[in-house]
Amino acid sequence: MSRERIVSANHQPEDTAGEPTGPTIRPKTLDDYIGQSQLQTRLRIAMTAAKSRQEPTEHLLLHGPPGLGKTTIAHIVAEEMGTKAYVTSGPALTKGADLVGTLTRMQPGDILFIDEIHRLPAAVEEYVYPAMEDFKIDFTLDAGMHARVVTYRLQPFTLIGATTRAGLLTAALRSRFGIAHRLDFYEPSELEQILARASEVLNLNPPDPAALTLIASRSRGTPRVALRLLRRVRDFAQVHQAQCITTELADEALRLEGVDEQGLDDLDRAYLKVIRDVYDGGPAGLEAIAATLGEDSGTLEDVVEPYLLQIGLLARTRQGRQLTSGGQTSLPLLDA
Ligand code: ADP
């Protein structure tokens, strides 16, 4: 079963509706990028060193839940290095040849961004190793007796890989990245800054700062969710002909969308209730919970669990998923 969730951290078309022609919400430079300060520092050092050596930046692996700004970083590195970013994803590349066209077109220092790199087929990964290490690709011409391997030299480039599941990456691939960084959930104050900036880009009448605090606190530490909630609140305000976004209005709009004070939605609540009611608080295996809910276990692992773990409602033990004491005490809330 697939449900559309307003708090889903996965990209949805409405997230960028109306953006390409107007000013964009996506920050273009590291100075505009809010939060992830350790990553910012590491990137500044890596890019400055690379520039002084006149080399491309080291290959970079970014991991963490969706919507935290991995794609944005790829575009920022290209912008800061004065090069171009080519964007693709693991599932879009089915055979080695799919990558050859892009790799051979790239200019020195260009960025190849591969989203969901853990889903790269083995056949494509074979092409990626020599490309990353020696900036060359080997491809086989003809077949059978006449088969010969032709080596093609590439311009030095930077591969930026993004994944929600670093654990699924082969060790061989992981070891070829010079920098690996895990993105953290954002602090509410950082999300407030992102929302304030987005309000300007979207040309809203300055919202009540307390309203932005409220939206930030229900955004699951995720910029993509924060920006989506802001758009929904904006629509709600417009329909109610409100001059500006107030706390009451934001609260009403988000309640209407089924988002509670902690940023949990129906799917989160259903997930927690299954552990409580069907599995007696746990521990319960992920596959069993997924089957009871009629949901895909990968979706639960990628987009539901990380935030529940982060806010301490859920624990992952050897035996399975378990409600924490915090999870138990927030149960009356779940039933509200
Ligand atoms: P990911 O690739 O991790 O799924 P994206 O890079 O697509 O996430 O970011 C999702 C949305 O959040 C984009 O609209 C982007 O503009 C915004 N965003 C992400 N990180 C930041 C940040 N640090 N500062 C401002 N906006 C951000």
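Taking the stretch 222-262 as the range and being touching a Leu at 6+ places or on another chain (Cβ under 8 Å), within 25 Å of THR71 (Cβ to Cβ) and open to solvent by less than 10 Å² (accessible area, probe 1.4 Å) as the test, the residues that pass are THR222, ALA226, LEU229, LEU230, VAL233, VAL259. Suppose the filter is within 14 Å of the ligand (Cβ to nearest atom), surrounded by 18 or more Cβ atoms within 10 Å (Cβ to Cβ), among the β-branched types (Val, Ile, Thr) and outside the structural domain of GLU305 (by TED's automatic domain parsing); does VAL87 pass it? Judged against the criteria, VAL87 is not a match. If the condition is being of a type in the set (Val, Ile, Thr), away from the ligand (no atom under 12 Å from the Cβ) and modelled with pLDDT under 95, then the stretch 168-215 contributes only THR170.
Considering only residues that are farther than 24 Å from GLY298 by Cα and out of contact with any Gly (no Cβ under 9 Å at 6 or more places or on another chain), look in the stretch 55-75 and name the one that is most open to solvent (accessible area, probe 1.4 Å). Top of the filtered list is HIS75. The set of residues in the stretch 101-130 that are surrounded by 13 or more Cβ atoms within 10 Å (Cβ to Cβ), of a type in the set (Gly, Ala, Ser) and modelled with pLDDT under 95 contains only ALA123. Just so you know, in the stretch 168-178 the residues that are in contact with a strand residue (DSSP E or B) (Cβ under 9 Å, 6 or more places away or on another chain) and more than 17 Å from ASP115 (Cβ to Cβ) include one that is surrounded by the fewest Cβ atoms within 10 Å (Cβ to Cβ), and it is GLY178.
The strands (runs of 3 or more DSSP E) found entirely in the stretch 93-180 that carry 3 or more residues being over 25 Å from ALA46 (Cα atoms) are 136-141, 148-153.
The values are calculated or read from the model by the stated rules, or taken from the named source; none is laboratory data. Keep in mind the model is a prediction, meaning the values are calculated, not measured. Because the Cβ atoms are built from the backbone with ideal geometry, glycine has one as well, and the counts that use them run over all protein chains shown. With ligands, DNA and RNA removed, areas are computed over all heavy atoms of the protein, side chains included. Shrake-Rupley method; radii C 1.70, N 1.55, O 1.52, S 1.80 Å.
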